[in-house]
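A short worksheet on the structure shown next.
The values are calculated or read from the model by the stated rules, or taken from the named source; none is laboratory data. All values derive from a computational prediction rather than experimental measurement. Please note: Cβ atoms are built from the backbone with ideal geometry, for glycine as well, and neighbour counts cover all protein chains shown. Protein only, heavy atoms only, side chains kept; ligands, DNA and RNA dropped before computing areas. Shrake-Rupley method; radii C 1.70, N 1.55, O 1.52, S 1.80 Å.
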Amino acid sequence: MTMDTVDRRTLLCATGLVAGGLLLDAGVAHGLTPSTAPASSPPTPSEAWAKLREGNRRWASGTSIRPHQDLARRAGTAQKQEPYGVVVSCIDSRVPPEIVFDTGIGDLLSVRSAAQTIDPLVSGAIEYGPAELDTPLIVVLGHQRCGAVAAAAHALHEGTRLPGDLHHIVEALRPAYRRASGNVDKMIRINTADVVAKLKADKLFVPRIARKQLKIVGGYYSLDTGEVTRVV
Ligand SMILES: [Zn+2]
């Protein structure tokens, strides 16, 4: 090996490092990190559901990547949001949609109520996504051992009236209670399917579903495994 070879190799190596450094700096300067790269075309309803299923598989298996949770994403979504899903789920502290579907800032519109029951105010919030932002997917998510459903089942069984506005939740769950034969887990699934059916009949959603611009699915989240399974 001559000195000349060593010098050339050293020079190439150094140039590579410099070039790499410059590229890195340029990337930072222009914000060209993956989370702020120009958005591709919005996902179809089926693609949106597949993304959420993939995210849930990561969460369930302990391999969450926690995407879209950095400062670049915050900056990239500060002026505009393009969420690809509306998740209608329970208030339960163990079922935060962004975590169980391994998503981040700007990915989901989260609409939460006790046992994901709906009334006109909640329906209006759900409508906002598809009607105003062209969100292609709504997921109604029930969950294992739902305390709201269990409390409603108990109140309906005993014929007691819960205080304050809690009795409204009980009344919203009465149809599912009647068909569940006292089985709380069955009641959770029936209620989820009922909410899906109500949303599918929403006059703003009917034409979108017919044009295949919107999909509405019902899921059941297992507190034990972290997995979401399809109910309807
Ligand atoms: Zn619940």
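Numerical summary
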item: In the stretch 128-162, the residues that are in a loop (DSSP other than H, G, I, E, B) and open to solvent by 70 Å² or more (accessible area, probe 1.4 Å); result: Asp134, Arg145, Thr160, Arg161
item: The one condition in (1) under 15 Å from Ser123 (Cα atoms); (2) in a loop (DSSP other than H, G, I, E, B) that Ile216 fails to fulfil; result: (2)
item: The stretch 63-91, residues that are crowded, with 22+ Cβ neighbours inside 10 Å and either of a type in the set (Phe, Trp, Tyr) or within 16 Å of the ligand (Cβ to nearest atom) (or both); result: Tyr84, Val87, Val88, Ser89, Cys90
item: Number of the condition not met by Leu32 [criteria: (1) over 24 Å from Gln213 (Cα atoms); (2) at pLDDT 95 or above; (3) assigned to a loop (DSSP other than H, G, I, E, B)]; result: (2)
item: Those residues of the stretch 205-232 which are open to solvent by 20 Å² or more (accessible area, probe 1.4 Å) and touching a Ser or Thr at 6+ places or on another chain (Cβ under 6 Å), in sequence order; result: Val231
item: For Arg161: the one exception among (1) farther than 26 Å from Ser46 by Cβ; (2) touching a residue at least 24 places away in the same chain (Cβ under 8 Å); result: (2)
item: Condition met for Asp202 (closer than 30 Å to Thr44 by Cβ, surrounded by 15 or more Cβ atoms within 10 Å (Cβ to Cβ) and over 20 Å from the mean Cα position of the chain (by Cα)); result: yes
item: Any hit, the stretch 157-169, residues being modelled with pLDDT of 95 or more, within 13 Å of the ligand (Cβ to nearest atom) and closer than 16 Å to Gln116 by Cα; result: yes
item: Every pair of residues 6+ apart whose Cβ atoms lie under 8 Å, when the first sits in the stretch 68-83 and is farther than 19 Å from Lys51 by Cβ while the second is open to solvent by 80 Å² or more (accessible area, probe 1.4 Å); result: Arg74/Ile105
item: Boolean, Ala115 is assigned by TED's automatic domain parsing to the domain that holds Ile65, within 16 Å of the ligand (Cβ to nearest atom) and surrounded by 14 or more Cβ atoms within 10 Å (Cβ to Cβ); result: yes
item: Any chance Glu158 is among the acidic types (Asp, Glu) and over 28 Å from Lys212 (Cβ atoms); result: yes
item: From the options Thr229, Thr192, residue that is assigned to a helix (DSSP H, G or I) and hydroxyl-bearing (Ser, Thr, Tyr); result: Thr192
item: Meets criteria (within 15 Å of the ligand (Cβ to nearest atom) and open to solvent by 90 Å² or more (accessible area, probe 1.4 Å)) for Asp185; result: no
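Conditions tested, residue by residue: (1) touching a Gly at 6+ places or on another chain (Cβ under 6 Å); (2) modelled with pLDDT of 95 or more.
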position: Pro42; (1), (2): no, no
position: Gly55; (1), (2): no, yes
position: Gln81; (1), (2): yes, yes
position: Pro96; (1), (2): no, yes
position: Asp102; (1), (2): yes, yes
